[in-house]
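A.B. asks: Supplied in structure tokens, the structure appears directly below.
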Amino acid sequence: MSNNNHFSNSRSAVLEPEQIAEAVQAEPIPETEIHRPAGIARRARIIFAAAAAVVVAIAGSWFLYNGWLHKGTDDAQVDGHIMPLSARINGHVQQVNVIEGQMVHAGEVLVVIDPTDYKVAAEQAKANLEDAEATAAGSRWNVPVASATAWSDLDAAKARVSNAEAGMGAAQEELESAKAELISAEANAQKTDADLIRYTQLVAKQDVSRQRYDQAVAAATANRASVAAAKAKVRADEQTLQQAQARLLEAKAGLVNAQTAPDQVALVRAKYDSAAAQVDQRKAQLDQAELNLSYTIIRSPVTGIIGKRSVEVGQNVSVGQELVDVVPLDDVWVTANFKETQLAHMRPGDPVEIKVDAYGRTWKGHVTNLGGGTGSVFSLLPPENATGNYVKVVQREPVRIDFDRATDHDFNAEGLLKPGLSVEPEVTVR
């Protein structure tokens, strides 16, 4: 009894481990109480094992489903176009306004080449253009003037030919008339001469009066004078005819010259066309000079980051020499090399979670396209499998993934996504 009381009293106090052992040895435990915890423990182990099996089954099913639904790879990086800006003219570098790693915006001046020589060339080209325009203006006004003059000369030449032909016809008729008068005068002279001979014989015999003889002498003298006058008239008309023929020949020569009017007009027009072409040539030279002048200022074509600067102030640069590299901020994407066994259900448009190693952040994206071949096909030394030493290796195919871009703000405005950064994309296949 004393032991029981001691044990019962000891429960209300904090017992030491030695006291607990003594109490257990002093007070026997019933047999029913010994078998009860073993049954409970066995049922607990069964329930725990069943629960563990359910959890393992659920976890296995989830992992299997997740592995089928999501395809990921760590062989991926951010890609982008790098824009190498080069000189388009030869010159002396006057200013360099950027350093490597600097953020620049589209249109910002990066490098300035000394523009002095190109300004002089532009001014000279402008002066040449003004001179060519003045020459072309004069040639343009010459076209209608020359055309009117040429056609007028042609009409005048035709009129002169007509007049010369008419004058020649009149001279010919005058000559024919003078010849007829000469014949008539000669006939009259012959008659009066014959009459004079008869009257001379008769007057000697005094068969006719002296007065009648004098009349015969006067008539013969007058007719001989008429013959001389007719001959002179014939000679004069012959000269007039010759002059008319000369005028006709001259008029015809003038007509032949005037008939070149279309050629003369064409020549003047050709001169104008040449002057107009000269204007176009001078204008092209001015445009080229102004274009070369504009090339002295090199601006950033996009908003981005200066990747590499290979130019210094005072340096002489030549055409095609690379000056700075600009890396665009918004023109980036992901190239992910997936195993060929992961591509069975992957399609363009599938959503992608992109984790960037550098920041621990994720970006949303989508599959744009699958590459045209595996990486080994495009390598410098593609594998040769026709030698008989073939070993099957799982190939990787590059997949392009583009980032989803919000319309309410500029994509990658902070410049976090840069070409070359490692990423881990996870594609949700459909």
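Values in this text are rule-based calculations from the coordinates and carry no lab data. Everything numeric here is computed off the predicted structure, so don't read it as measured data. Virtual Cβ from ideal backbone geometry, glycine too; neighbours counted across all protein chains shown.
A.B. asks: Based on other C-beta atoms within 10 Å, arrange Tyr213, Tyr199 from fewest to most. Could the numbers behind the result be given before it?
C.D. replies: Values: Tyr213 17, Tyr199 23.
So the ranking, lowest neighbour count to highest, is Tyr213, Tyr199.
A.B. asks: If the only charges are +1 at each Lys and Arg Cβ and -1 at each Asp and Glu Cβ, what is the size of the charge dipole of the chain around the Cα centre, to the nearest 20 debye? Don't jump to the answer; show the numbers that get you there.
C.D. replies: Numbers: 42 positive and 55 negative charges, 394 e Å.
Dipole magnitude for the chain comes out near 1900 debye.
A.B. asks: Can you flag which of Lys158/Lys271; Lys126/Lys271; Lys71/Lys355 are past 20 Å Cα-Cα?
C.D. replies: Violating the 20 Å limit, Cα to Cα: Lys158/Lys271; Lys126/Lys271.
A.B. asks: Picking from Lys71, Lys392, Lys158, which is most flexible by a Gaussian network model of the chain using Cα springs under 10 Å?
C.D. replies: The residue that fluctuates most here is Lys392.
A.B. asks: Ok, one more. Filter the chain for me: DSSP H helices, axial length by Cα at least 30 angstrom, mean Kyte-Doolittle hydropathy not below 0.0. List them by residue number.
C.D. replies: Details: long enough: 31-69 (57 Å, 0.70); 116-204 (125 Å, -0.33); 210-258 (70 Å, -0.39); 261-294 (49 Å, -0.52).
Result, helices passing both filters: 31-69.
A.B. asks: State the extension gain, in nm to one decimal, for the chain segment bounded by Ala194 and Asp330, taking 0.36 nm per residue of separation less the distance between their alpha-carbons. Numbers along the way, then the final one.
C.D. replies: Numbers: separation 136, 0.36 × 136 = 48.96 nm, distance 13.38 nm.
Gain in length upon complete extension: 35.6 nm.
A.B. asks: On to the next question. Considering the chain as a Gaussian network with a 10 Å cut-off on Cα pairs, which listed residue, Asn90, Asn369, Asn163, attains the greatest mean-square fluctuation?
C.D. replies: The residue that fluctuates most here is Asn163.
A.B. asks: May I pose another question? Please state the relative contact order of the chain as a whole percent: Cα pairs under 8 Å, 6+ residues apart?
C.D. replies: Working: 601 pairs, mean separation 126.4, N = 430.
Worked out over the chain, it gives 29 percent.
A.B. asks: Work out the charge dipole of the chain with +1 on the Cβ of Lys and Arg and -1 on the Cβ of Asp and Glu about the Cα centre, then indicate which of Gln243, Thr116, Leu202 is farthest towards its positive end.
C.D. replies: After comparing all options, I get Leu202.
A.B. asks: Could you work out how far apart the two model spin labels at His70 and Lys231 are, taking each label as a point 7 Å from the Cα in the direction of the beta carbon, and quote it in nm?
C.D. replies: Going by the 7 Å Cα→Cβ label model, 14.2 nm.
A.B. asks: Report the percentage of all Cα-Cα pairs in the chain whose separation exceeds 43 Å, rounded to a whole percent.
C.D. replies: Numbers: 61910 of 92235 pairs.
Across the chain, Cα pairs with separations above 43 Å total 67 percent.
A.B. asks: Going 7 Å from the Cα of Arg361 in the Cα-to-Cβ direction, what parts of the stretch 394-415 have a backbone nitrogen less than 12 Å from that spot?
C.D. replies: 411-415
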